[in-house]
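Here's the structure, in C-alpha cells; my notes come after.
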Amino acid sequence: MLTGDQEKVRKINKSIVMNTLRLHAPLSRARIANLTGLNRGTVSNIVNVLIDEGLVSENEQEGSKIGRPAISLGLRPDGGAVIGMEIGVDFVSILLTNFVAETLWETRIETTPSQPQSNIIGQAEQLVEQALSIAKEQRLRPLGLGIGLPGLVNLRQGELIVAPNLRWRNVPSD
C-alpha cells in the first residue's frame with residue numbers, strides 16, 4: 001500500500017512540474033520549486049527524469065551576475081506527438097501536435113449519420129494512421145491519442161455505451 005501511494009505522489013509531482021513548465025517556461029529549477037511548493041531536491045529529481053525521457057531541455061543560462069547562474073528549462077517541442085480526434089454527427093476531425101501543442105497537421109472529413117458505424121470508424125483509423133505517419137516522418141514518438149465524441153463512455157470497460165446523435169450503441173474500444 002505504501003509503495004503504491006508513493007508512486008502516485010511521484011506521478012502527481014511530475015505532472016505538477018510538467019504543467020508549471022507548460023504554463024511558465026522558461027524556468028529554473030529554483031523557480032519551479034518556488035511556484036509549486038515542492039522542495040528543490042524533488043524538483044531536481046523530477047527534472048532529471050524528464051530530461052532523460054526527452055521531454056524537457058536545459059536551455060541558455062539565465063543572466064545574473066551574482067552567484068551561480070541558473071539553467072532555464074523548457075518543454076521540448078520534439079519530445080513527442082499527440083493526436084486529437086473528434087467524431088461528430090457529420091464529421092471526423094484529426095489534429096496532430098508536437099509536445100508544446102504546436103499544430104503540425106490537421107484535417108477534417110465530412111460524414112453522414114446514415115453511414116455505417118464501421119465505415120466512420122474505418123475512416124477515423126485511416127486518418128490516425130496518416131497522423132502517425134507524419135509524426136514518424138518528423139521523428140516524433142506518439143505520446144497519446146485523445147478522442148472526443150458526443151456520447152456516454154464506460155471508462156473501465158473502454159466502451160462507448162451510447163451516442164444517440166450518432167445512433168451508436170455498445171462500441172468497444174478495440
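Tabulated results
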| read-out | value |
| --- | --- |
| Residue list for the range 14-61, filter: free of Cβ contacts under 8 Å to residues at least 12 places away in the same chain, open to solvent by 80 Å² or more (accessible area, probe 1.4 Å) and in a helix (DSSP H, G or I) | 23, 24, 34, 40, 45, 52 |
| Residues of the range 118-174 that turn out to be open to solvent by 100 Å² or more (accessible area, probe 1.4 Å), free of Cβ contacts under 8 Å to residues at least 24 places away in the same chain and within 30 Å of residue 76 (Cα to Cα), as a count | 5 |
| Members of the range 5-47 found to be of a type in the set (A, V, I, L, M), modelled with pLDDT under 95 and over 13 Å from residue 71 (Cβ atoms), listed by number | 9 |
| Unmet requirement for residue 120, which otherwise passes all of (1) under 30 Å from residue 50 (Cα atoms); (2) touching a Leu at 6+ places or on another chain (Cβ under 9 Å); (3) β-branched (Val, Ile, Thr) | (1) |
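The values are calculated or read from the model by the stated rules, or taken from the named source; none is laboratory data. Here the structure is a predicted model, which means the values were calculated and not measured. Using ideal geometry, Cβ is built from the backbone for each residue, glycine included, and neighbour counts are taken over all protein chains shown. Ligands, DNA and RNA are excluded from the accessible area calculation, which covers all protein heavy atoms including side chains. Shrake-Rupley method; radii C 1.70, N 1.55, O 1.52, S 1.80 Å.
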